[in-house]
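Below is one structure; the comments refer to it alone.
Just so it is clear, none of the values below were taken in a lab; they were calculated from the coordinates. Note that the structure is a prediction, hence the values are computed from the model and not measured. Cβ atoms come from the backbone with ideal geometry, glycine included; neighbour counts cover every protein chain shown.
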Amino acid sequence: MRLLATSDLHAHILPWDDLADRPAPDRGLAQVASLIAQARAEVPGSLLLDNGDFLNGSPLSDHATEVAEQDRSHRHPMIAGMNRLGYDAATLGNHELSNGLGHLRRALSQAEFPVVATNLDRINPADGKRRAYLPRQILLHRVLTDQHGQQHRLVIGVLGFLPPQTALWERRHMAGTLAARGILAAARAEVPRLRRAGADLVIALSHSGLGDGVCEDADENVSAALSALDGIDAVIAGHTHQAFPGEGGGRPARPLVMPGFFGSHLGVIDLSLDHDGSGWRVAGHRTEVRPVSRRRGPQGLVEALVQTDAAIAASAAEDLAAMRAQAAIPVGECAVALHSYFALIGHSPVQTLLAEAQMRNMRRALNGKPEAALPMLVAVAPFKAGGRGGPGNYTAIPPGPLTARNIADLYIHPNSPVALRITGRELADWLERSVSLFNRIAPGTEDSPLIDPDFPAYNFDMIHGLTFRIDLSQPARFDCLGRQVNPASRRVTGMSRLGRPVAPDEEFVLVTNSYRSSGGAGFAGTEPARVVLEQARHLRRILQDHVAQTGRVAPTGAADWGFAPMPGTTVTFDTAPGAAELAKDIAGLEVMGLQPTGFLRFRLRL
């Protein structure tokens, strides 16, 4: 039996980058659809499964959400495409809840495939008891043909899991209504029920990263540990936007694939089944991920390996045309290039613009409140800074007119602003969590990699309004998951505001976003009691209003932080090829050359 899987599609249908408005042959449901057709044709029987985060996360899905608010009968283009492909089952990812439960209900009502959510519960407000929000398990009855042409009836049980942290990240939508249980505990409870219900095989759709195989039940990334549970025959993993087999992770206990993101790969698990007289068992397996594109040549150029599926592309054509017309609406102008090429080394006009917009908005919102007398700071992280998204995953907007598309590119998530009351001590901890992005650098060494590739750039919060230095000779206090590994370490030095040192007990208003204030990535001082004000408006709308009201924005690039000097020491830093012409603005940078990955490598003198 063959299992085919997608994950983290994020409503990308065409091989096109809608934010940068350029071809992107490395993505799209219409691309992976060709691989699905090919893989189905190779075997007599298969299942097509999606592992979550399919509904939200692109300009197309944002447009669909807005239209559905006015027209409840509007067909969601991603659901339409998945219906056309004939998915057998899917589960939810954390981002399925990002636009609210009403939007999710409307979209799922259009699905012609079952959606399972094993560890997501509805809370009864009357008695506080938990009940299933969606089916906790499903049984798929299929007839499969063996190598001798004989047909067999199989019952395949499917479970689906999302990270339990979703209850924190989406607190504004879930509080008092939904709750998420630990993945491993939910699986241990449900697998025996599935077997008793007649399941010959059990497949786990796990919207969770691999993890290290030794996990606590409440951990975010537990798919490797899940594969070791008795009664589970295969696992589809996701959430961390990786491809497996192929990107680390060791050897899971049972068949497991992680099929990339945005439709970059199709996961394939082939199970050889034997019947021992009492039931079916997995006698052997083969796993692979098939890519829709590849990089070639010394510059790492991307070329498609498949043809675009015309029927899938046509199913979204009307929505895409309307979205693009809306994206072209002018908003304002910018006097400088807006780019995120150097956001991780302290030079990003994008971050400055976002901080200015949030500062202006929150000052108005807090006017007349006691907290208005406190110093205000803004925490901003880069959403597009390369990493697993590749060398195309940067913002790069030339000087001139700004459109609604540019605003969406500058702020890609549906977050809202939140003001926290926080102390100087907690600010220092907040920064230590952020600067764990950097590898430890030994003084006097040459060309050591600066960035820890496992650390997500969206957790690199820099606090605008503070001046400080980062001592890279010290070990990181936190690991990439936010776990404290060196409690005594201090990389952040000389933290000051307006030339005056920040005292540990000094109080501030820190403006952040709803994801961070809900506990996203485990930053200090984000408890609900610290919230001074939470606004419902999306930060993207606040940014758009700021640009429109200003007319012509001109944010500076240089930040008020930097690295502590380390004479005779150099590090390497990868960014997009388009950064070469802008590097002259940054002291100590030297171009080293293009890499096979498509990134441009720089040397930075510390």
At 7 Å along Cα-to-Cβ for each site, give me the label-to-label distance between residue 572 and residue 413 in nm. 3.0 nm
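Can you show me the helix-derived [θ] at 222 nm for the chain, built from DSSP H runs with n ≥ 4 at -39,500 (n - 2.57) apiece and divided by the number of residues, rounded to the nearest 500.
Details: 15 runs with 139 residues, N = 606.
Helix contribution divided over all residues of the chain: -6500 deg cm²/dmol.
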Net charge, residue 147 excluded, C-beta distance under 14 Å - Lys, Arg +1, Asp, Glu -1: -3
With a point put 7 Å past each Cα toward its Cβ, work out how far residue 560 is from residue 488 in nm, to one decimal. 3.2 nm
Contour excess over end-to-end distance, with Cα ends at residue 314 and residue 73 and 0.36 nm allotted per residue: 84.8 nm
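Within a Cβ distance under 10 Å of residue 465, other residues only, what is the Lys/Arg minus Asp/Glu net charge? Each step should come with its number before you reach the end.
On the way: positive: 497; negative: 560.
That works out to 0.
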Cross-link reach from residue 129 to aspartates and glutamates, straight Cα distance under 14 Å and at least 8 residues apart if same chain, gives 121
Short version: ³J(HN,Hα) in whole Hz for each residue of region 439-447, in order, from phi by Karplus 6.51 cos²θ - 1.76 cosθ + 1.60 (θ = phi - 60°), x for Gly and Pro, what are they? 5, 6, 10, 7, x, x, 7, 10, 6
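Have a look at the DSSP beta bridges in the chain and tell me what percent are antiparallel, nearest 5. Before the final figure, lay out the partial values.
Working: 77 of 108 bridges.
Restricted to the chain, the bridges split so that about 70 percent are antiparallel.
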If you wrap a convex hull around the alpha carbons of region 89-226, what volume per residue comes out, as a whole number of Å³? 128 Å³
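Can you tell me the order of 12-18, 37-43, 229-235 when each peptide is scored by its average per-residue count of other Cβ atoms within 10 angstrom, highest first? Display every interim value, and only then the final one.
On the way: 12-18: 24.0, 37-43: 13.4, 229-235: 21.1.
Put in order of decreasing packing, that is 12-18, 229-235, 37-43.
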For the pair residue 552/residue 322, report the inter-label distance in nm, with labels modelled 7 Å from Cα in the Cβ direction. 3.6 nm
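Could you compute the net charge surrounding residue 44? Neighbours are other residues with a C-beta less than 10 Å from the C-beta of residue 44; K and R count +1, D and E count -1. Before the final figure, lay out each step's value.
Values: positive: 2, 40; negative: 42, 146.
Neighbourhood net charge equals 0.
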What span do the alpha-carbon atoms of region 521-604 cover on each of the three principal axes, reported in whole Å from largest to smallest? 46, 35, 27
Sequence order, region 9-24: Karplus ³J(HN,Hα) from phi using 6.51 cos²θ - 1.76 cosθ + 1.60, θ = phi - 60°, Hz rounded, Gly and Pro as x, gives 5, 6, 6, 9, 10, 9, x, 8, 8, 6, 7, 8, 6, 8, x, 9
Can you tell me what percent of all Cα-Cα pairs in the chain are more than 37 Å apart? 35 percent
Separation of region 234-290 and region 163-231 by C-alpha centroid, Å? 17 Å
Residue-wise HN-Hα coupling along region 319-331, computed from phi with Karplus coefficients 6.51, -1.76, 1.60 (Hz; x: Gly, Pro): 5, 5, 5, 5, 4, 5, 5, 5, 5, 7, 5, x, 10
Give the calculated FRET efficiency between residue 439 and residue 152 to the nearest 0.05, with a Förster radius of 41 Å applied to their Cβ-Cβ distance. 0.20
Once you charge only the Cβ atoms, +1 for Lys and Arg and -1 for Asp and Glu, what is the size of the charge dipole of the chain about its Cα centre, to the nearest 20 debye? 700 debye
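Given 20 °C and 1.002 mPa s, how large is the Stokes-Einstein diffusion coefficient of region 454-590 in µm²/s, with Rh as the Kirkwood radius over Cα pairs? Kindly include the intermediate steps, with their values, before the conclusion.
Numbers: Rh = 18.4 Å.
It diffuses with D of about 116 µm²/s by this estimate.
State to the nearest 20 debye the size of the charge dipole of region 330-605 about its Cα centre, where the only charges are +1 on K and R beta carbons and -1 on D and E beta carbons. Display every interim value, and only then the final one.
Working: 28 positive and 25 negative charges, 86 e Å.
Computed about the Cα centre, the dipole is about 420 debye.
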